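The values are calculated or read from the model by the stated rules, or taken from the named source; none is laboratory data. Computed from a prediction, not measured in an experiment: that's the story for all the values here. Please note: Cβ atoms are built from the backbone with ideal geometry, for glycine as well, and neighbour counts cover all protein chains shown. What goes into the accessible areas is simple: the full protein's heavy atoms, side chains included, and nothing from ligands, DNA or RNA. Shrake-Rupley method; radii C 1.70, N 1.55, O 1.52, S 1.80 Å.
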Amino acid sequence: NKILDEAERISHKSLEKHKDLTNIQFITIDGENSKDFDDAVWAEVTKKHTKIMVAIADVSFYVENNSFVDKEAKKRGNSFYFPNKVIPMLPEKLSNDVCSLVPNEKRACIVVEIKFTNGSKKKSINFTRALIKSHARLNYNEVDDIFFKKTNKKFLPLIENLFHVYELLQKDSQERGKINFEFCEFEIEYKHDNTFNFKKKLNLHSYKIIEEIMVLTNTCIAETLIKKKIKTIFRNHSEPKKERIKEVGKIFSDIGYNEITQLLSKLNFCKIVNLLKQKKNIHLNEFLIRTQSKAMYDYENKGHFGLGLSHYLHFTSPIRRYSDLVVHRDLAHLLFKQEKINYSTTLPSLLTDQEKKSDEIERTILERACSIYIYEKKKIVFFRHC
């Protein structure tokens, strides 16, 4: 197979031009069953500044444009995730090994260093093509336990620094109007005997830490490429359409929530989310989600309504999303004098379609699993408790 043979060959590329940052205590924080680790984080907090370093797998260093691996990755658009398997965008030699930031192995990365002074105001952004070494592969539960239960003294200082960073970024998110929908999510826990359970996703602080840091990193890359007038693929999210607002507003009016209907007309989703939380009715957030437009990829920057940002893109997951690989190449062109690649005008719509296909597959699997569960339990009525 040409693709697998090429993946094996490029996995042995020399890394001598990457700066050695293996002394930095980077860690990865992911789900318990994750196999591909795109990102590692580190933070330092002093009286003078707060500094974050985010290491993202340097996939563009290995995967050249128009190679066999690249053509297949572009066709897939993203990795497809199922309860019991993954169809990766890249060959497993790259996705689970050479590009994955597994513990105690030197890995090629693009490291984004962001330094703050005066709260969450950015002071400087620096980029380095570097070798890093993950000092630990932590999952979300472990990170919350380290911080709240002090279960691991070795990584406690670093985790405390990351929580401090989260507090700064969360404050900034609230001020700019980022929408934080809260609702119950369940995932299928697949067993080897072909049975399954539903497992409720916990609302852990560690999820939010990584989310905020990755949003910050993606925003910094967008700012840099816009400033230098480098064409790239943006992640756009437009305001809800008036028809959807009207439909959902009527639902809230019918159940006596006229205040929420008024806030909807002003697109003040943050106040609505907080109001539903106070009323202990967060399950009604699902009606709010129905109003939201689908996020899309485009060469034109149109801003991201849900995040409250005037510019946004995807950079932090190049192992599993082709859009991120494109942005990596654009940044490498700017910083490391790599050749500028001109992609087809149809690429953004292709990537949006592939993402939509992935979402539909995941949703269909979950719906069928619910149907099987109801049938086997012989339930007439099925409530999803939170």
task: Quickly run through region 125-154 and pick out the residues that are hydrophobic (A, V, I, L, M, F, W, C) and surrounded by 17 or more Cβ atoms within 10 Å (Cβ to Cβ).
output: Phe127, Ala130, Leu131, Ile132, Ala136, Leu138, Val143, Ile146, Phe147
statement: Note: among Lys106, Lys35, just one is basic (Lys, Arg) and at pLDDT below 95, namely Lys35
field: Scope region 1-17; condition farther than 21 Å from Arg321 by Cβ and either within 25 Å of the chain's Cα centre (by Cα) or of a type in the set (Ser, Thr, Tyr) (or both); matching residues
entry: Ser14
- prompt: Among all residue pairs at least 6 apart or on different chains, which show Cβ distances below 7 Å where the first residue, located in region 356-384, is part of a helix (DSSP H, G or I) and among the small types (Gly, Ala, Ser) and the second is surrounded by 13 or more Cβ atoms within 10 Å (Cβ to Cβ) and modelled with pLDDT of 90 or more?
  reply: Ser358/Asn78; Ser358/Phe80
- line: Filtering region 315-348 down to residues that are open to solvent by 60 Å² or more (accessible area, probe 1.4 Å) and at pLDDT 95 or above yields Arg320, Ser344, Thr345, Thr346
query: Which ranges mark the helices (runs of 4 or more DSSP H) fully within region 1-108 that have 3 or more residues being charged (D, E, K, R) and open to solvent by less than 60 Å² (accessible area, probe 1.4 Å)?
result: 68-76
- line: Selection from region 186-204 of residues within 19 Å of Glu367 (Cβ to Cβ) and in contact (Cβ under 8 Å) with a residue 12 or more places away in the chain yields Phe186, Glu187, Ile188, Glu189, Tyr190, Phe196, Phe198, Lys199, Lys200, Lys201
Only listed residue being modelled with pLDDT under 90 and touching a strand residue (DSSP E or B) at 6+ places or on another chain (Cβ under 9 Å), chosen from Phe181, Phe198: Phe198
- request: Mind listing whichever residues of region 295-314 are open to solvent by less than 10 Å² (accessible area, probe 1.4 Å) and within 23 Å of Thr128 (Cβ to Cβ)?
  value: Leu313
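Yes/no per residue for (1) touching a His at 6+ places or on another chain (Cβ under 7 Å); (2) modelled with pLDDT under 95; (3) of a type in the set (A, V, I, L, M):
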{"position": "Thr232", "(1), (2), (3)": "no, no, no"}
{"position": "Arg235", "(1), (2), (3)": "yes, no, no"}
{"position": "Ile245", "(1), (2), (3)": "no, yes, yes"}
{"position": "Lys266", "(1), (2), (3)": "no, yes, no"}
{"position": "Leu276", "(1), (2), (3)": "no, yes, yes"}
{"position": "Thr291", "(1), (2), (3)": "no, yes, no"}
{"position": "Ala295", "(1), (2), (3)": "yes, no, yes"}
- prompt: Only one of Leu158, Leu162, Leu131 is touching an Asp or Glu at 6+ places or on another chain (Cβ under 6 Å), in contact (Cβ under 8 Å) with a residue 60 or more places away in the chain and farther than 28 Å from Phe82 by Cβ; which?
  reply: Leu131
message: So Glu160 passes all but one of these: (1) within 19 Å of Thr316 (Cα to Cα); (2) modelled with pLDDT of 95 or more; (3) open to solvent by 40 Å² or more (accessible area, probe 1.4 Å). Which condition number does it fail?
response: (1)
Enumeration of residues in region 299-314 that are in contact with a Phe, Trp or Tyr (Cβ under 6 Å, 6 or more places away or on another chain) and not in a loop (DSSP other than H, G, I, E, B): His304
field: Conditions (1) surrounded by fewer than 19 Cβ atoms within 10 Å (Cβ to Cβ); (2) under 21 Å from Asn180 (Cβ atoms); (3) modelled with pLDDT of 95 or more; (4) of a type outside the set (D, E, K, R); number of the one not met by Ile213
entry: (1)
